[in-house]
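Encoded as structure tokens, the structure appears first; notes follow it.
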Amino acid sequence: MKQILSEDIINQYMPTLVNCPLFNKLGENELRGYLHNAKVIVHSYKKNDFIALSGDPMDGIGVILEGSALLTRENIMGQRVIMANLEQSDIFGEALLFSKQPLWPATIKATKATKIMFIPLETFIETLPECHQCQTTILSNLLEDLSEKAILLTRKVHYLTLKGMREKIFAYLTDIYKRQHSKTIQLPHNREQMAEVLNVSRTALSRELGRLRDEGIIDITGRTVKLLNIEEIEEFGFNSF
């Protein structure tokens, strides 16, 4: 379902919007003015709906207002590889902003009921007289976000180059530990998604996680992992980078 962005929708999702990296350093009034001038559209999706298919024309940058989605690609063997796990306030599509051929490079699928705000590409290129300073701030935020995502992509490519299962897991856990600054971490992926990120089978991953638990290195319940032997995990994880 498609909706024109209304004042009611802006009010409902303002807490989400102010936490979006695209709108950093913008006050609420500035943000309202920008959104009203940007010809924004809101789409609603059901669980498992396709938001975009690889190769489809792309006409706007997306902001997750509610729900979540997976951005995936298939390798030459037909295996699905998770490129990104999109959550509330996340943005996607920004890498195509200045592309000569703005086609979605990956498939995006809703993992629950999801609402997405799409900002037309021309909004970022054409000057909006009433929002010139806002546009400058938003473009600066885009560059910062692209830099962060380039670093993240480098990490994911690195996971694929590691050969040992334990080495992959420790590198993955170390990466999350460095971001969350806690010995009790919350995994951003379920077991199936984690297997796809690390490019391993789910069965082999579960077996190795079980060994790590039995050896007293981790304790895992659902997506919550306690790093019981942080020294070994860090040594393995940092040395793998």
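The values are calculated or read from the model by the stated rules, or taken from the named source; none is laboratory data. From a predicted model like this one, the values you see are computed outputs, not experimental measurements. For neighbour counting, all protein chains shown are included, and Cβ atoms are generated from backbone atoms with ideal geometry for every residue, glycine included.
Just wondering, is there one or more residues in the range 82-96 that are part of a loop (DSSP other than H, G, I, E, B), in contact with an Asp or Glu (Cβ under 9 Å, 6 or more places away or on another chain) and closer than 17 Å to T16 by Cα?
The answer is yes; a qualifying residue exists.
Conditions: (1) more than 20 Å from P21 (Cα to Cα); (2) aliphatic (A, V, I, L, M); (3) modelled with pLDDT under 85. L153 meets all but one. Number of the miss?
It fails just one condition, (1).
What's the number of the condition H181 fails, among (1) surrounded by 18 or more Cβ atoms within 10 Å (Cβ to Cβ); (2) of a type outside the set (D, E); (3) at positive phi?
Going through the list (1) surrounded by 18 or more Cβ atoms within 10 Å (Cβ to Cβ); (2) of a type outside the set (D, E); (3) at positive phi, H181 breaks only (1).
For the range 104-121, does any single residue satisfy the condition of being on the phi > 0 side of the Ramachandran plot and either modelled with pLDDT of 90 or more or assigned to a strand (DSSP E or B) (or both)?
Checking the range 104-121: not a single residue is on the phi > 0 side of the Ramachandran plot and either modelled with pLDDT of 90 or more or assigned to a strand (DSSP E or B) (or both).
Select from the range 41-81 the residues that are in a strand (DSSP E or B) and within 17 Å of E196 (Cβ to Cβ) and list them in ascending order.
Matches in the range 41-81: A69, L70, L71, T72, R73, E74, R80, V81.
Scan (1) surrounded by 14 or more Cβ atoms within 10 Å (Cβ to Cβ); (2) in contact with a Lys or Arg (Cβ under 8 Å, 6 or more places away or on another chain) for the single condition A113 breaks and write down its number.
(1)
Checking the structure you have, find out if any residue of the range 53-61 is surrounded by 17 or more Cβ atoms within 10 Å (Cβ to Cβ), under 24 Å from Q133 (Cβ atoms) and not polar (S, T, N, Q).
For the range 53-61, residues surrounded by 17 or more Cβ atoms within 10 Å (Cβ to Cβ), under 24 Å from Q133 (Cβ atoms) and not polar (S, T, N, Q): present.
Would you confirm, using the coordinates I've provided, whether A84 is more than 21 Å from I138 (Cα to Cα), at pLDDT 95 or above, within 17 Å of the chain's Cα centre (by Cα) and crowded, with 18+ Cβ neighbours inside 10 Å?
When the stated conditions are applied, A84 does not pass them.
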